[in-house]
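The values are calculated or read from the model by the stated rules, or taken from the named source; none is laboratory data. The structure displayed is predicted, hence computed values, not measured ones. Cβ: placed from backbone, ideal geometry, glycine included. Neighbour counts: every protein chain shown. Quick note on the areas: whole protein, heavy atoms, side chains included, nothing else; ligands and nucleic acids left out. Shrake-Rupley method; radii C 1.70, N 1.55, O 1.52, S 1.80 Å.
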2 protein chains.
Amino acid sequence: MPRQVNHEARRTRIEDAVISIATESGFAAVTIRAVANHIGASTSAVTHYVDNREALLRNAIRKELDIRQKDAETAIIGLDDSAALRALIEWAVLGSDEQTHRRWLALVLGAVTEPVLRAELDRFNDWWDEQMYQRIARVRPADPLVAADLLNVLVDGLIVTGFDAGHLWPSGRRARLLDTVWRALDL
Amino acid sequence: MPRQVNHEARRTRIEDAVISIATESGFAAVTIRAVANHIGASTSAVTHYVDNREALLRNAIRKELDIRQKDAETAIIGLDDSAALRALIEWAVLGSDEQTHRRWLALVLGAVTEPVLRAELDRFNDWWDEQMYQRIARVRPADPLVAADLLNVLVDGLIVTGFDAGHLWPSGRRARLLDTVWRALDL
């Protein structure tokens, strides 16, 4: 009987390897050869599933971002606009561990030089901006554009601050900060 | 006549190579061999100036952060507390280009796994926190600790947002955001 290859499991191993190498060494280090080495297979075992490096990166990142998107959508089911905004911010900042934050920063930095990452990140950010802006506009703070900017800066800032300070801030400290911003923006 | 080696210039080339490799590929890629390759010299030409990899990283980062610190101190000479706070934030966010921001993120991420980077970053952050907190306490907003947290998150957030969005925000957009935060914190 021929050896059965579980194609779905193989695809997942390849995608996981892309994310793992990128998180550790940046996206510049992600090559078909590096991924093959990482999973202990030949390069042809990788190119059987992806035609080239660009497709390799696109598949892995799109899958990762699709999961993040579904996860966020689940977090806001049934909430009104103001509560959903708060839940989206808390999901982005609190609902993820250090590894997820490192992956996010690796992607954001990688997008500076890799157009395929830029395209996937733009796609995700378009979705995120729509989620945020529609709700902000309905809650109607004094200046919706500034409110959206401040909330976005807050998310990115809280992610980096954890690394900058050497540890994630305790949730109470982050909650006080969010409360201050919520009052300031009249959300 | 023996060939003259300009030791100061050689030290600077080594330090520049450390920063350059780290910005491109992360600090994990910075080794004595990689630095030697980068400057087209032997490893012994590098170890003539630094005993080991730890010293290599420490020298380069300390020099970089000392320059940043002096630069910030120059930006606030003669300003009152409120104006100095604003100038420090603007210096951190506006007064630096994309390369400086990439270097900063590489350092912040590298500090997760490299104790020598963590120590240098802590030293810089202690200085920064003192600059910020003393002034915030004298301006006396309602809650100085939350004010300091929000300003720090703002700096890290504005740096990352530039990469996240694919381009730095225009200065007017950043200024409007800072104005909103200044009013909110009563600074």
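Taking segment B:1-95 as the region of interest, the helices (runs of 4 or more DSSP H) fully inside it that hold 1 or more residues being under 30 Å from B:Asp186 (Cα atoms) and open to solvent by 40 Å² or more (accessible area, probe 1.4 Å) are B:53-75, B:81-93. Per the conditions (1) more than 29 Å from B:Arg53 (Cβ to Cβ); (2) more than 10 Å from chain A (Cβ to nearest Cβ), the sole criterion not satisfied by B:Trp127 is (1). Among the conditions (1) crowded, with 21+ Cβ neighbours inside 10 Å; (2) in contact with a Leu (Cβ under 7 Å, 6 or more places away or on another chain), the only one that B:Thr161 does not satisfy is (2). Within the set A:Glu64, A:Glu24, A:Glu54, the sole residue that is without any contact (Cβ under 8 Å) to a residue 60 or more places away in the chain, of a type outside the set (S, T, N, Q) and away from chain B (no Cβ under 14 Å) turns out to be A:Glu64.
Yes or no, residue by residue, for (1) in contact with a Ser or Thr (Cβ under 6 Å, 6 or more places away or on another chain); (2) over 29 Å from B:Val112 (Cβ atoms):
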residue: A:Ile21; (1), (2): no, no
residue: A:Ser25; (1), (2): no, no
residue: A:Ile32; (1), (2): yes, no
residue: A:Ala36; (1), (2): yes, no
residue: A:Thr47; (1), (2): no, yes
residue: A:Arg58; (1), (2): no, no
residue: A:Glu64; (1), (2): no, no
residue: A:Ile67; (1), (2): no, no
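Here's the yes/no breakdown for (1) out of contact with any Leu (no Cβ under 6 Å at 6 or more places or on another chain); (2) closer than 26 Å to A:Asp156 by Cβ:
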| position | (1), (2) |
| --- | --- |
| B:Ala60 | yes, no |
| B:Lys63 | yes, no |
| B:Asp66 | yes, no |
| B:Thr74 | yes, no |
| B:Ser82 | no, yes |
| B:Trp91 | yes, yes |
| B:Val108 | yes, yes |
| B:Glu114 | yes, yes |
| B:Arg118 | yes, yes |
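Restricted to segment B:98-126, and to residues there that are of a type in the set (D, E, K, R) and part of a helix (DSSP H, G or I), the residue that is least open to solvent (accessible area, probe 1.4 Å) is B:Glu120. When you scan segment B:127-141, do you find a residue that is in a loop (DSSP other than H, G, I, E, B), open to solvent by less than 60 Å² (accessible area, probe 1.4 Å), under 23 Å from A:Gly172 (Cα atoms) and out of contact with any strand residue (DSSP E or B) (no Cβ under 8 Å at 6 or more places or on another chain), even just one? Taking every residue of segment B:127-141 in turn, at least one turns out to be in a loop (DSSP other than H, G, I, E, B), open to solvent by less than 60 Å² (accessible area, probe 1.4 Å), under 23 Å from A:Gly172 (Cα atoms) and out of contact with any strand residue (DSSP E or B) (no Cβ under 8 Å at 6 or more places or on another chain). From the list A:Leu168, A:Leu150, the lone residue that is within 10 Å of chain B (Cβ to nearest Cβ), closer than 24 Å to B:Val181 by Cβ and either under 21 Å from the mean Cα position of the chain (by Cα) or not aromatic (Phe, Trp, Tyr) (or both) is A:Leu150. Checking each residue in segment A:153-165 for being more than 16 Å from A:Ser82 (Cβ to Cβ) and either outside any helix (DSSP H, G or I) or facing chain B (nearest Cβ under 8 Å) (or both) picks out A:Val153, A:Val155, A:Asp156, A:Gly157, A:Leu158, A:Ile159, A:Val160, A:Thr161, A:Phe163, A:Asp164, A:Ala165. On the basis of being of a type in the set (Val, Ile, Thr) and at the interface with chain B (Cβ under 10 Å from one of its Cβ atoms), does A:Val139 make the cut? For A:Val139, the condition - of a type in the set (Val, Ile, Thr) and at the interface with chain B (Cβ under 10 Å from one of its Cβ atoms) - is not met.
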